[in-house]
Amino acid sequence: MAKNIPAIMIIFGGSGDLAHRKLYPSLFNLYRQNLIHDNFAVIGTARRPWSHEYFREQVSDAIHEFFDEVDENDVKNFCTHFYYQSHDVTSVEHYVTLKELAQELDDRYSAQGNRLFYMAMAPKFFGTIATHINDQKLVGSGFNRIVVEKPFGRDLATAEELNRQITASFDEEDIFRIDHYLGKEMVQNIMPLRFSNPLIKSIWNSDHIKNIQITLAERLGVEARGGYYETSGALRDMVQNHIFQIITLLAMDEPKDISSSSVHQAKKELLDSLVIPSEEDLKKHFVRAQYAGSDTTFAYRNEPNVAEDSKTETFVAGEVKFQKGPLKDVPIYFRTGKEFREKMSRIDIVLKHSSNPYGFAHSNNITIEIDPKSRIYITLNGKKISEPGIRREDLVYGLTDQELAQLPDGYEKLLRDVILNDSTNFTHWSELKRFWEYIDTIEDYWTKENAEIEELPQYAPYRMGPKEANHIFESPTERWIYE
Ligand code: NAD
């Protein structure tokens, strides 16, 4: 593996939660693996008037909070590479100072003009930062890459505008749109599972797969993020990015090879055949709802910073279909919501039954559990031991406890990819555009519907979401496997 990639990294939002909890511990691990070492420096920028020393203390704290045991010399040396610049995103002169500091550090660390920009701030600032990077010519003379956090726009029009601002300074292959689900171990396992097992490859088609079900369930409510959530809702927050990325990995054709360009090409070809739902589809196969609260918890509409008459959904279930690819016309159902019975991210691949001489047998469903466990299991039929008939056993593929303990955080994997210039596990503009086209159609329909309804269906907290979601299926023989 390539070692010691020289670069100056500029983190916009260097005092924020994401930087503290994810970026600094991840960078520290990459430093310990020598991927970044002598020839790198990080400039953290944010509003607060911190000194370099105080910033280094914050970075050191972040590492101690994340790791149980660390070599103090490693931490100390690592932190010497960190610099802070107090910065207001709208102020031109701050970008000029930033540019000078980046150049000074580039000379000091022989970073060869390479720049990594990381937008770890509220999304409303992304466009302004991109415009200033361009106007004040912050890009270096070597490689220039930019990492953009979610959400990338609020609809297709705002995503296009943001993309225009970013592409003024960066080529598409240098834009790394983060979707942290693509850093998850079991999401990264979908391609090997599908393409390296002849057993699975041979049944991955509409002859054998009845439907696919994706559940991304959260136990928590919106907590302190009610203000943000009001501008988003479950559809934009979870379906537009994470659920769609999972779906493309499940439904695309086998790529020519596993290079980033081939994988993105396979996704693009699939998404060209995405069926945009009609009003009739939306009535039959989609459900949105809000959590109703209990004696001990608020109803969504009583949460802080949420409108009393809010029609923002905290749960959505629906269907995705494609006109091409191995899963042509196979329903892919999804549901995601807050205040579920438990935190659970899983994919159930429901296989068709075939006739058998025993009368009853279970279908050979495949489940990919993403969180909280990282495992795949396949339902098998076998004989009952002491009586006639068929019994069900699960064949389980999972990580050992030792492997789980060593598993790099998703952010570490994705940052490594950025440094090594591998954009396979990032969202390409051609994908994002299609995701928004689909989402906008639903949002437009809901906006019209809102004028006619008093309130959204409510669902009891800490169960399995609204009962209406049990009726979105195309046929009466379908039901949620995980219930
Ligand atoms: P945060 O509010 O904790 O941090 C925001 C940062 O922006 C702070 O450093 C703040 O000082 C800085 N800032 C705000 N206004 C500024 C201004 N006018 N000028 C200069 N700096 C300013 O936010 P966060 O939770 O770290 O989230 C950052 C991004 O990461 C968001 O896009 C979010 O959606 C995404 N994200 C966060 C998490 C997470 O776990 N926190 C997870 C996934 C994605």
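The values are calculated or read from the model by the stated rules, or taken from the named source; none is laboratory data. As the structure is a prediction and not an experimental result, all values here were calculated from the model. Don't worry about glycine lacking a Cβ; one is built from the backbone with ideal geometry, like all the others, and counts go over all protein chains shown. SASA here: full protein model, heavy atoms, side chains in, ligands and nucleic acids out. Shrake-Rupley method; radii C 1.70, N 1.55, O 1.52, S 1.80 Å.
Between the DSSP loop rule and a limit of at most 12 other Cβ atoms within 10 Å, which GluC sites (Glu not before Pro) in region 53-136 are left? The partial results should precede the final answer.
On the way: sites: E53, E57, E65, E69, E72, E93, E100, E104; in loops: E69.
Filter output for region 53-136: E69.
Over region 7-149, calculate the relative contact order: mean separation of alpha carbon pairs under 8 Å at least 6 apart, over the residue count, as a percent.
Relative contact order of region 7-149: 32 percent.
Protection proxy ranking for 382-392, 411-421, using the average of other Cβ atoms within 10 Å per residue and placing the highest first: 411-421, 382-392.
Using the 1.4 Å probe convention, the accessible area of region 172-331 works out to 40 Å² per residue with neighbouring protein chains retained.
Among beta bridges identified by DSSP and lying wholly in the chain, the antiparallel ones come to about 55 percent.
Our summary gives region 164-300 a relative contact order of 18 percent, counting only alpha carbon pairs under 8 angstrom and 6 or more residues apart.
What 222 nm value per residue comes from the helices of the chain, counting each DSSP H run with n ≥ 4 as -39,500 (n - 2.57) and dividing by all residues, nearest 500 deg cm²/dmol?
Details: 16 runs with 156 residues, N = 483.
Helix-only estimate at 222 nm: -9500 deg cm²/dmol.
Let me spell out the model: positive unit charges on the Cβ of Lys and Arg, negative unit charges on the Cβ of Asp and Glu, origin at the Cα centre of region 182-471. What dipole size does that give, in debye rounded to 20?
Values: 37 positive and 45 negative charges, 225 e Å.
In total the dipole reaches around 1080 debye.
You can think of it this way: the chain between R108 and S91 has 3.5 nm of extra reach, that is 0.36 nm per residue less the Cα-Cα gap. Here region 75-221 yields Rg over Rh of 1.10, to two decimals, using C-alpha coordinates and the Kirkwood radius.
Taking packing as the residue-averaged number of other Cβ atoms within 10 angstrom, the listed peptides 234-247, 132-145 run from highest to lowest as 234-247, 132-145. Taking amide H positions as modeled 1.01 Å from N, with prolines and chain starts lacking one, the residues under 5 Å from Q290 and 5 or more places away or on another chain are T314, Q458, Y459.
For the pair region 185-243 / region 54-117, the C-alpha centres are spaced 35 Å from each other.
So what is Rg over Rh here for region 1-91, counting just Cα atoms and using Kirkwood for Rh? It would help to have the intermediate numbers written out before the result.
Numbers: Rg = 12.8 Å, Rh = 13.3 Å.
Checking Rg against Rh, the ratio lands at 0.96.
Please list the equivalent ellipsoid semi-axes of region 69-137, computed as the square roots of five times the alpha-carbon gyration tensor eigenvalues, in descending order and whole angstrom. All intermediate terms of the calculation are to be shown ahead of the outcome.
Numbers: eigenvalues 136, 53, 23 Å².
Semi-axis lengths for region 69-137 are 26, 16, 11 Å.
The charge dipole of region 342-409, taken about its Cα centre with unit charges on the Cβ atoms of Lys, Arg (+1), Asp and Glu (-1) only, comes to about 420 debye.
When the GluC sites (Glu not before Pro) in region 299-367 are filtered for DSSP coil states and for at most 16 other beta-carbon atoms within 10 Å of their beta-carbon, the remaining sites are E308, E342.
Placing pseudo-labels 7 Å out from each Cα toward the beta carbon at K352 and E269 gives an inter-label distance of 2.4 nm. Percent of Cα pairs in region 182-471 per distance bin of 5 Å, from zero to the largest separation: 1, 5, 11, 14, 16, 16, 14, 11, 7, 4, 1, 0, 0.
Ordering Y228, N197, Q290 by the projection of their Cα atoms onto the charge dipole of the chain, which places +1 on the Cβ of Lys and Arg and -1 on the Cβ of Asp and Glu, puts N197 at the extreme positive end. Report, in whole Å, the centroid distance computed from the Cα atoms of region 374-449 and region 311-332. After rounding, the separation between the Cα centres reads 15 Å. Restricting the calculation to Cα atoms, region 349-483 shows an Rg/Rh of 1.07 when the hydrodynamic-style radius is the Kirkwood one.
Taking the protein heavy atoms of the chain in the context of the full set of protein chains, the accessible area attributed to carbon and sulfur is 49 percent at 1.4 Å.
Show me 253-259, 79-85 ranked by packing, highest mean number of other Cβ atoms within 10 Å first.
Working: 253-259: 12.6, 79-85: 19.7.
Answer by packing, highest mean first, reads 79-85, 253-259.
Mind putting a number on the dipole of region 369-453 about its Cα centre? Charges go on the C-beta only, +1 for Lys and Arg and -1 for Asp and Glu, and I need it in Debye to the nearest 20. Write out the running numbers ahead of the final one.
On the way: 11 positive and 18 negative charges, 118 e Å.
Dipole size: approximately 560 debye.
Taking amide H as placed 1.01 Å from N in the peptide plane, N144 has its amide H under 5 Å from the amide H of R115, each at least 5 places away in sequence or on another chain. Under 1.5 on a/c is rounded, so check that first for region 198-301, then, if it is not, pick prolate when a/b is larger than b/c and oblate when it is not; a ≥ b ≥ c are the square roots of the alpha carbon gyration tensor eigenvalues. It is prolate, given that a/c is not under 1.5 and a/b is the larger ratio. Any idea which of V59, Y24, Q458 is furthest toward the positive side of the dipole for the chain, if Lys and Arg beta-carbons carry +1 and Asp and Glu beta-carbons -1? In the chain, that residue is Q458.
In this structure region 401-446 gives 39 Å² per residue of accessible area when probed at 1.4 Å with all protein chains present. Available extension along the chain between E342 and E65 is 97.1 nm, counting 0.36 nm per residue and deducting the alpha carbon span. Students often get this wrong, so check it: of K3/K184; K184/K448; K76/K99, which have C-alpha atoms separated by over 28 Å? With Cα atoms farther than 28 Å apart: K184/K448.
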